[in-house]
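Notes follow once the structure below has been shown.
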Amino acid sequence: MGCVSNTVNTRLLKDWSKPMGALDGLKVLDLTSMVSGPVAAMMLADQGARVIKVEPTSGEQMRHIGSKHNDITPAFFSCNRGKESIALDLKSDAGKDILLKLAKDADVFIQNFRPGAIDRMGFGEEVLRRANERLIYVSISGFGDQGPYADKRVYDPIIQALSGATDIQADRVTGKPNMFRIILADKVTALTAAQAISSALYAREKSGRGQHIRLSMLDTMLSFFWPEGMGGLTYAEREFDPKQAGGAMDLIYETQDRCITAGVISDKEWLGMCRALGREDWIEDERFLTASARFKNAGERKALTAAEIYKWPSADILQRFEDEGVPCAPLLDRTELLDHEQINANDSISRIDYPGFGEVRQARPAAQFSDTPSSIAGPGPKLGQHGVSLLTELGFDVEEIETLIRNKTLNVE
C-alpha cells in the first residue's frame, strides 16, 4: 500500500497542441465492471472525455481474469484504456462521501449492477439527481428491471441463449446450436450505450436537463439481430421459421491451400463468379437465373460453387474473383491481421510504446473525426493509480488522504 508522500501523480494529461476530441471537457464516472459498461466508457475516453473508473478496493473482476503484464491483464487494458482509476470502499461513509463529491460536476454516471443494487448502495438516480440535475445517469442490466429474470446474475452466454444467437449460429447440417465465440452481447451493448449517451448529451444541450438511460443486454441483442436474423417473425400474418432464410449468404469455401470467402447477391456478381470459375453454363440455369432463384436454391448453389472453388489455389481463384468484381477475401487467422496489407494501409491497429508494457497493440478508434480526432488517451490504469490526484482535486489535504489510506477507504496500489 502506497502513501501520499511517495505516490506519483499520474493523472493523464492531454497534449494541448493536438486537436481536442469531440467529448473534450466531459467528465464520466464509470462504476461498471467486466465488459459492457467499461467498453462504453472506454469509447467515450477515446473521443476525448475524462473517464474516472471507480472500483472496489480489491479491483473490479476483469482485473483478475487472465495473465498480467505490468500488473494489468490484456482484457482489462483493452476495456479500460485511457481512464483514471480510484479504488474506494463504497460501504464506508467516507467512501460514499467521495463518490458524491465526484458526481457533483460529472456529466455521465454509468453503472451495471443488478437492478436495485445501486439504490441500496445509496447512489440511485434520485440521490445523484439532487446533487447534479444535468447528470446523464446510465443503467445497464442483463434483462431489464422487470420480469422473472430481472434479479438473475448474467454473463454473455446467458444472453446469447435467450436472444436467439445460438439458433442463428446453429450448424447448418446438424441443427446443433452454437454460440458466438466472442462476448458479443456485452460489446454490442457497449456500442449501444455509447451511442445513447451521445444522444442524451445532445438532448441536454437543447433542454438543459439530464435524464436516465436504461438498457438491457437482452433488448440490445434482440434489436441487433432483428433486421435479417428474425425476418420470419417480422410480418405476423406471414410468419415462418427464420431458419428457412438461412444459407442465403455465401460463407466459407476451401481451396487447395486455405479457406476463403466469396459472396454474390446481384446478377452482375453471379455472372462474374460463373466466369471466374469457368462455369458459364450456370448463367442461364433456371435454378440460379435470378436473385430470388439463387436464394431459393442456396444450398444447391453453394455446394456446386464449393466443388469448383476447391479445384483452385487460393491466390489464383481470389485474383480471378477480383478481376470479375466478385466480393472475396482470404480467411485470416488472428496473427495474420498484423501483416495484412489493407489493415496496415488504414493504420487500423495502433502500436504504442508505454513504459512498463513495451509495445501495446490496440485497434484504433473506428470512428475517425475530421476536426475532433479520436485517439487512445493512455494505457489501462493500475488499481487506484489516480486516487491521490483525484482527491487532491476535490480539496482533500495530505493528512486526510493518508487517513483514508490507513482506514482502507482508499487503495492506492
Task: About the Cα centre, charge dipole magnitude for the chain (Lys/Arg +1, Asp/Glu -1 at Cβ), debye - done: 1020
Task: Kirkwood-based shape ratio for the range 116-253, expressed as Rg/Rh from alpha carbons - done: 1.07
Open item on the list: As a test question: what accessible area, to the nearest 10 Å², does residue 267 have when a 1.4 Å probe is rolled over all protein chains in place?
Closed with: 80
Open item on the list: Highest mean first, how do 31-44, 193-206 rank when packing is the count of other Cβ atoms within 10 Å averaged over residues?
Closed with: 31-44, 193-206
Task: Between 0 and 90°, nearest 10: helix 184-207 axis offset from the chain longest Cα axis - done: 60
Task: Summed side-chain charge close to residue 98 - residues other than residue 98 whose Cβ falls under 13 Å, Lys, Arg +1, Asp, Glu -1 - done: -2
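Give me the percent relative contact order of the range 281-344, please, defined on Cα pairs under 8 angstrom at least 6 residues apart.
13
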TODO: Would you please state the base-10 log of I(q)/I(0) at q = 0.14, 0.16, 0.21, 0.26 1/Å for the range 161-237, with intensities from the Debye formula using one equal scatterer on every alpha carbon?
DONE: -0.60, -0.72, -0.97, -1.19
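Going down the list 96/408; 96/187; 53/96; 176/296; 382/408, which pairs span over 25 Å between their C-alpha atoms?
Too far apart for the 25 Å limit: 96/187.
Assuming 1.306 mPa s and 10 °C, estimate D for the range 342-413 with Stokes-Einstein, Rh taken as the Kirkwood radius over Cα pairs, in µm²/s.
This corresponds to a translational diffusion coefficient of 103 µm²/s.
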Open item on the list: Checking the a/c ratio against 1.5 first, then a/b against b/c, what shape does the Cα gyration tensor give for the range 26-101?
Closed with: oblate
- [ ] At q = 0.14, 0.21 Å⁻¹, work out log10 I(q)/I(0) for the range 137-194 with the Debye formula, treating every Cα as an identical point scatterer and leaving solvent out; two decimals please.
- [x] -0.45, -0.86
Open item on the list: For a protection proxy built on the mean count of beta-carbon atoms within 10 angstrom, sort 78-91, 304-317 highest first, please.
Closed with: 78-91, 304-317
TODO: Please arrange 158, 140 by accessible surface area, largest first, computed with a 1.4 Å probe and ligands excluded.
DONE: 158, 140
TODO: Could you tell me which of 177, 215, 230 has its Cα farthest along the dipole of the range 171-246 towards the positive end, charges placed at Cβ (Lys, Arg +1; Asp, Glu -1), taken about the Cα centre?
DONE: 215
Open item on the list: Sort 46-53, 219-226, 160-167 by packing, meaning the average of other beta carbons within 10 Å per residue, with the highest value first.
Closed with: 46-53, 160-167, 219-226
Task: With Cα atoms, 0 to 90° folded angle of helix 217-229 axis to the chain main axis - done: 20
TODO: Under 14 Å Cα to Cα from residue 311, which aspartates and glutamates show up? Leave out anything in the same chain fewer than 8 places away.
DONE: 254, 257
- [ ] Could you work out how far helix 298-309 tilts from the main Cα principal axis of the chain, as a 0 to 90 degree angle to the nearest 10?
- [x] 80
Open item on the list: Quick check: from the Cα gyration tensor, does the range 277-342 come out rounded (a/c under 1.5), prolate or oblate?
Closed with: prolate
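The values are calculated or read from the model by the stated rules, or taken from the named source; none is laboratory data. Keep in mind it's a predicted model, so treat the numbers as computed, not measured. Neighbour counts are summed over all protein chains in view; Cβ atoms, including those assigned to glycine, are modelled from backbone coordinates with ideal geometry. Remember, those area values only see protein heavy atoms, side chains included, never the ligands or the DNA or RNA. Shrake-Rupley method; radii C 1.70, N 1.55, O 1.52, S 1.80 Å.
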